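Enquirer: Let me give you the structure first, and then I'll get to my questions.
The values are calculated or read from the model by the stated rules, or taken from the named source; none is laboratory data. On a predicted model such as this, the values are computed, not experimentally measured, just so you know. Cβ coordinates were reconstructed from backbone atoms using ideal geometry, including for glycine residues, and neighbour counts include every protein chain displayed.
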């Protein structure tokens, strides 16, 4: 019930409440699965387009990962030998599949908030690079995070494959575009013409909607063919 309680409060109040004991990803948690299905219902209703199918296993994995990240914000006494492996636990589902990306994002969309809190606690905290890596590997969820852009990764790296999958799915691409505009995440415009095109088309003739992004797009638009 620990994870299910965390998800219920997150869904209903938008806040994270965690226990003090180390939390391992459960082999099966029917209560947590029920809550992520509820989260999927609301996310799907607000998705621009037809969202990929829910992958419950991926969603519960991400929920457990977010739970641990929130725990580690408070449990400053824990050694990195415990924190690092827990934060690097691999996703049990193929990370380049749209269903995985969508399902993971049900909870990892809160990652920018976790990262900002962690950065305020200590700028040199060794926990920060782990959060940055997570934001890079899951670019849809990482919008708004002060981290390297997924496009800067090697073509075969998980981050690059995940971004390709996001941009290759109409609903995920629209979510990605909307978040870039909402977060005013200019870094996402770097190194990828596909992303610039998406955001530019969304702004259209109304640069006043996101003036910083419009200015960042202007050099690319004015460059000679």
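Enquirer: Against the conditions (1) closer than 20 Å to residue 128 by Cα; (2) modelled with pLDDT of 90 or more, where does residue 76 fall short? Just the number, please.
Expert: (2)
Enquirer: Then there's this: Take the residues of the range 157-201 that are in a loop (DSSP other than H, G, I, E, B) and modelled with pLDDT of 95 or more: which is surrounded by the fewest Cβ atoms within 10 Å (Cβ to Cβ)? Full working, then the answer.
Expert: First, pick out the residues of the range 157-201 that are in a loop (DSSP other than H, G, I, E, B): 157, 168-169, 184-185, 190-192.
Subsequent filtering for residues that are modelled with pLDDT of 95 or more retains 168-169.
Values: 168: 12, 169: 22.
Taking the candidates together, the pick is 168.
Enquirer: Can I ask one more? For the range 64-74, how many residues meet the condition of being over 13 Å from residue 90 (Cα atoms) and within 16 Å of the chain's Cα centre (by Cα)?
Expert: Initial filter on the range 64-74 (over 13 Å from residue 90 (Cα atoms)): 66-74.
If we keep only those that are within 16 Å of the chain's Cα centre (by Cα) too, we end up with 66-70.
Residues flagged as over 13 Å from residue 90 (Cα atoms) and within 16 Å of the chain's Cα centre (by Cα) within the range 64-74 amount to 5.
Enquirer: Oh, and also: Looking only at the range 209-225, count how many residues are at pLDDT 90 or above and surrounded by fewer than 12 Cβ atoms within 10 Å (Cβ to Cβ).
Expert: Total satisfying the criteria: 3.
Enquirer: Identify the single condition in (1) over 30 Å from residue 178 (Cβ atoms); (2) out of contact with any helix residue (DSSP H, G or I) (no Cβ under 9 Å at 6 or more places or on another chain); (3) part of a loop (DSSP other than H, G, I, E, B) that residue 85 does not satisfy, given that it satisfies every other one.
Expert: (3) is the only condition that residue 85 fails.
Enquirer: Working only within the range 79-112, note down all residues that are surrounded by fewer than 17 Cβ atoms within 10 Å (Cβ to Cβ) and either touching a residue at least 40 places away in the same chain (Cβ under 8 Å) or within 22 Å of residue 11 (Cβ to Cβ) (or both).
Expert: If we filter the range 79-112 for residues that are surrounded by fewer than 17 Cβ atoms within 10 Å (Cβ to Cβ), which is where we start, we get 79-82, 84-85, 88-90, 92, 94, 96.
Of everything in the range 79-112, those that are surrounded by fewer than 17 Cβ atoms within 10 Å (Cβ to Cβ) and either touching a residue at least 40 places away in the same chain (Cβ under 8 Å) or within 22 Å of residue 11 (Cβ to Cβ) (or both) turn out to be 80, 82, 84, 88, 89, 96.
Enquirer: Among the residues of the range 27-73 satisfying the criterion of being in a loop (DSSP other than H, G, I, E, B) and out of contact with any helix residue (DSSP H, G or I) (no Cβ under 9 Å at 6 or more places or on another chain), which is surrounded by the most Cβ atoms within 10 Å (Cβ to Cβ)? If you could, list the steps in order and put the result at the bottom.
Expert: Going residue by residue through the range 27-73, those that are in a loop (DSSP other than H, G, I, E, B) are 27-29, 46-55.
Filter again for out of contact with any helix residue (DSSP H, G or I) (no Cβ under 9 Å at 6 or more places or on another chain), leaving 27, 46.
Values: 27: 5, 46: 8.
Among those that are in a loop (DSSP other than H, G, I, E, B) and out of contact with any helix residue (DSSP H, G or I) (no Cβ under 9 Å at 6 or more places or on another chain), it is 46.
Enquirer: Right, something else. Which members of the range 88-114 meet the condition of being in contact with a helix residue (DSSP H, G or I) (Cβ under 6 Å, 6 or more places away or on another chain), in a helix (DSSP H, G or I) and more than 18 Å from residue 3 (Cβ to Cβ)?
Expert: 98, 100, 101, listed by residue number.
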